[in-house]
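The values are calculated or read from the model by the stated rules, or taken from the named source; none is laboratory data. Quick caveat: nothing in here was measured; it's all calculated off a predicted structure. Backbone-built Cβ (ideal geometry, glycine too); neighbour counts: all protein chains shown. Heavy atoms of the whole protein, side chains included, go into the accessibility calculation; ligands, DNA and RNA do not. Shrake-Rupley method; radii C 1.70, N 1.55, O 1.52, S 1.80 Å.
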Amino acid sequence: MPLHAYPADCALIVIDVQNSFCPGGELAVKDGDAVVPLINQLMPAFQQVVLTQDWHPADHISFAGNHVSKTPFASITLPYGEQTLWPEHCVAGSHGADFHAGLNTDYAQLIIRKGHHRAVDSYSAFVEADGQTLTGLAAYLAARGIKRIWLVGLATDFCVAWSALDARKVRLETTVITDACRAIDLNGSLAAATAQMQAAGVHLQTLGELQSGA
Ligand code: VGL
Ligand code: ZN
């Protein structure tokens, strides 16, 4: 893909390509690291690249270990709704929170860190799970004249999907590049997220379809 092939109103948003979600990580997504070469290939084609990092305090409410008698992947009810409990992952400043060592981060103009409030999770790069607290990403993109975004990274059915759905709410034209993402797929979450994204008008394309102009 040629350098800066995408016009100035386009941005690539790279979601959570971090060690915790890659093989060997605490919340490893199957083949999570397989997205790295595809994303490295895509980044130079965009004039605007944003990276996100899941970035939790050690006492974060989404960690099963911070609740009495709870195991990972159980669900609890919090003031803002249902919350899946996860193994401890992406603790701020830890190796798990670092980007995968193979990810080229040089093209990024902005790194958004999310999930840093102890009592609120944030799958979405735009709005925390309380549905109210903004990360600032929408305002940043608007300030830079971005109208269209392409999403890649981990995990398809959580942070990528929630980001895509929130992008549609602020009227961004939104495409998820499906083969540059990998899913956790917990209790049918991939099928559910895919249906929700389609219903919200998110385009789902493979890198091959994108490159052939399909
Ligand atoms: C994610 C579960 C918990 C993600 C983050 O990046 O998809 N999933 N925290
Ligand atoms: Zn998390």
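So which residues in segment 21-44 are small (G, A, S), in a loop (DSSP other than H, G, I, E, B) and either modelled with pLDDT under 95 or away from ligand 1 (no atom under 14 Å from the Cβ) (or both)? Please lay out each step first, then the result.
Initial filter on segment 21-44 (small (G, A, S)): 24-25, 28, 32, 34.
So of that shortlist, the ones also in a loop (DSSP other than H, G, I, E, B) come out as 24-25, 28.
The answer is G24, and nothing else.
With the requirement that a residue be within 29 Å of V120 (Cβ to Cβ) and either among the hydroxyl-bearing types (S, T, Y) or open to solvent by less than 10 Å² (accessible area, probe 1.4 Å) (or both), what does segment 37-63 give you?
At the first step, the residues of segment 37-63 found to be within 29 Å of V120 (Cβ to Cβ) are 39, 48-63.
Of everything in segment 37-63, those that are within 29 Å of V120 (Cβ to Cβ) and either among the hydroxyl-bearing types (S, T, Y) or open to solvent by less than 10 Å² (accessible area, probe 1.4 Å) (or both) turn out to be I39, V49, V50, L51, T52, Q53, D54, H56, H60, S62, F63.
Return the residues of segment 21-59 that are within 16 Å of ligand 2 (Cβ to nearest atom) and under 13 Å from the mean Cα position of the chain (by Cα); say none if nothing qualifies.
Filtering segment 21-59 for residues within 16 Å of ligand 2 (Cβ to nearest atom) gives 21-22, 25-29, 32, 51-59.
Those that are within 16 Å of ligand 2 (Cβ to nearest atom) and under 13 Å from the mean Cα position of the chain (by Cα): F21, V29, G32, L51, T52, Q53, D54, W55.
Could you check Y80 against (1) in contact with a strand residue (DSSP E or B) (Cβ under 8 Å, 6 or more places away or on another chain); (2) within 16 Å of G115 (Cβ to Cβ); (3) away from ligand 1 (no atom under 14 Å from the Cβ); (4) not acidic (D, E) and say which number it fails?
(1)
Quick one: in segment 134-159, of everything that is away from ligand 2 (no atom under 15 Å from the Cβ) and part of a loop (DSSP other than H, G, I, E, B), which residue is surrounded by the most Cβ atoms within 10 Å (Cβ to Cβ)?
First, pick out the residues of segment 134-159 that are away from ligand 2 (no atom under 15 Å from the Cβ): 134, 136-152.
Filter once more, keeping what is part of a loop (DSSP other than H, G, I, E, B): 136, 144-147.
Working: G136: 12, R144: 15, G145: 11, I146: 21, K147: 14.
Per the criteria, the residue is I146.
Limited to segment 124-133, what total is found for residues that are open to solvent by 20 Å² or more (accessible area, probe 1.4 Å) and within 15 Å of Q53 (Cα to Cα)?
So the count comes out to 1.
Looking at G93 and the list (1) assigned to a strand (DSSP E or B); (2) small (G, A, S); (3) away from ligand 1 (no atom under 14 Å from the Cβ), which single condition is not satisfied?
(1)
What residue, among those in segment 73-112 that are touching a Phe, Trp or Tyr at 6+ places or on another chain (Cβ under 7 Å) and more than 12 Å from ligand 2 (Cβ to nearest atom), is farthest from C22 (Cα to Cα)?
L110
Just one of (1) surrounded by 19 or more Cβ atoms within 10 Å (Cβ to Cβ); (2) within 18 Å of the chain's Cα centre (by Cα); (3) not in a strand (DSSP E or B) trips up I112, so point out which.
(3)
Filter segment 7-20 down to the residues that are assigned to a loop (DSSP other than H, G, I, E, B), touching a residue at least 60 places away in the same chain (Cβ under 8 Å), away from ligand 2 (no atom under 16 Å from the Cβ) and not charged (D, E, K, R) and list them by number. It would help to see each step written out before you state the result.
Start the filter on segment 7-20 by keeping residues that are assigned to a loop (DSSP other than H, G, I, E, B), which leaves 7-9, 16-17.
If we keep only those that are touching a residue at least 60 places away in the same chain (Cβ under 8 Å) as well, we get 8-9, 16-17.
Now restrict to residues that are away from ligand 2 (no atom under 16 Å from the Cβ): 8-9.
Within segment 7-20, just A8 meets the criteria.
Provide a single number: the residues in segment 58-77 that are away from ligand 1 (no atom under 12 Å from the Cβ) and in contact (Cβ under 8 Å) with a residue 12 or more places away in the chain.
Going residue by residue through segment 58-77, those that are away from ligand 1 (no atom under 12 Å from the Cβ) are 58-59, 65-71, 74-77.
Okay, now just the ones that are also in contact (Cβ under 8 Å) with a residue 12 or more places away in the chain, so 58-59, 65, 67, 70-71.
Within segment 58-77, residues that are away from ligand 1 (no atom under 12 Å from the Cβ) and in contact (Cβ under 8 Å) with a residue 12 or more places away in the chain number 6.
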